[in-house]
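Taking it in order: structure first as structure tokens, then the write-up.
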Amino acid sequence: MYVDSFINYLLNEKRYSKHTIRSYKIDLGQFVDFLKEQSVDFNPVAIDHKVIRKWIIFLLDNGKTPRSVNRKISTLKSFYKFLHKDGIVDVIPTDKLVLPKQSKKLPSFFSNKSIELLFDKVEFPKGFVGVRDKTILLLFYSTGMRLSELVNLDISKIDIRERQLKVLGKGNKERIIPFGIELKRELVNYIEERNKLNTSCKFLFIKINGEQVYDKMVYRIVNKYLNTVSTLEKKSPHVLRHTFATHMLNNGADINAIKELLGHADLSATQIYTHTTFEKLKKVYNQAHPRA
């Protein structure tokens, strides 16, 4: 009765997708089945956090991931909020629970070999398009900038002589990023090709018709070339950003410097790359140490 009322409420709200409602129904059904196996009546008023904790242990023991378990508990929380709102229960038992800790998903990044293949072996088309595409890829890898930052990079913000550029990041915060000789050379080549189009567009990267490139277009360009050098599942501008940070850290860069280059507001966002590096160290240790 209570579950049916909750599902009808979700349907009437019209802001929940069919998939979400179906997931809620499955989760609640699994909880009711668990209670039956424990010879416990499904009476929301009588069920406390201890019973739900037993369900969490049962789910984990049966191979459910912390992420999956937390989603099911979120369903129960929504269910009890509904009952509390209707005055059926006085407390929400899920509020007393300590949920399973989810492991952080480490960022994907390309190997040094893949990057070497990309810039040293891949043959880019001759002319404007080929030079532009290579410059886009090298700019991502050399600076770690975000997709939106590259698309909206103003050509006047690039100082070729000093080898630095200004990008407008999240929260309209401007930061200066240095770059190396290789990117300087590619930028000079690209700007020469770009000038032949005689465009008035203020943005660095443009289409052959002189108009600004857009996010999906740049994503497709990056994905197309990375497909030729890597079998990594994700092949996106953001993975090149991860690769920049990981390779910098692996080669001795200070994490605070990487934080500034990436435009992170907090160091905790950058520290994920130390986990990636540590995983690499563990792999080397396990492969090399005779007692590993």
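Observations on the structure shown:
- Residue in the range 172-198 that is surrounded by the fewest Cβ atoms within 10 Å (Cβ to Cβ), counting only those that are of a type in the set (S, T, N, Q) and at pLDDT 95 or above: 195
- Contact annotation: residue pairs with Cβ atoms under 9 Å, 6 or more positions apart or on different chains, pairing a residue in the range 30-51 that is small (Gly, Ala, Ser) with a partner that is surrounded by 11 or more Cβ atoms within 10 Å (Cβ to Cβ), are 46/40.
- Test for residue 62: is it under 26 Å from residue 101 (Cα atoms), surrounded by fewer than 12 Cβ atoms within 10 Å (Cβ to Cβ) and within 33 Å of the chain's Cα centre (by Cα): yes
- Residue match in the range 209-218 (condition: of a type in the set (D, E, K, R), more than 23 Å from residue 261 (Cβ to Cβ) and out of contact with any Lys or Arg (no Cβ under 8 Å at 6 or more places or on another chain)): yes
- Enumeration of residues in the range 226-262 that are closer than 15 Å to residue 142 by Cβ and either outside any helix (DSSP H, G or I) or of a type in the set (Phe, Trp, Tyr) (or both): 244, 251, 253
- Of all residues in the range 117-128 being among the aliphatic types (A, V, I, L, M) and more than 18 Å from residue 184 (Cα to Cα), the one that is surrounded by the fewest Cβ atoms within 10 Å (Cβ to Cβ): 122
- Qualifying residue in the range 22-30 (condition: under 15 Å from residue 99 (Cα atoms), of a type outside the set (A, V, I, L, M, F, W, C), out of contact with any Cys (no Cβ under 7 Å at 6 or more places or on another chain) and assigned to a helix (DSSP H, G or I)): no
The values are calculated or read from the model by the stated rules, or taken from the named source; none is laboratory data. Note that the structure is a prediction, hence the values are computed from the model and not measured. We place every Cβ from the backbone using ideal geometry, glycine too, and count neighbours over all the protein chains shown.
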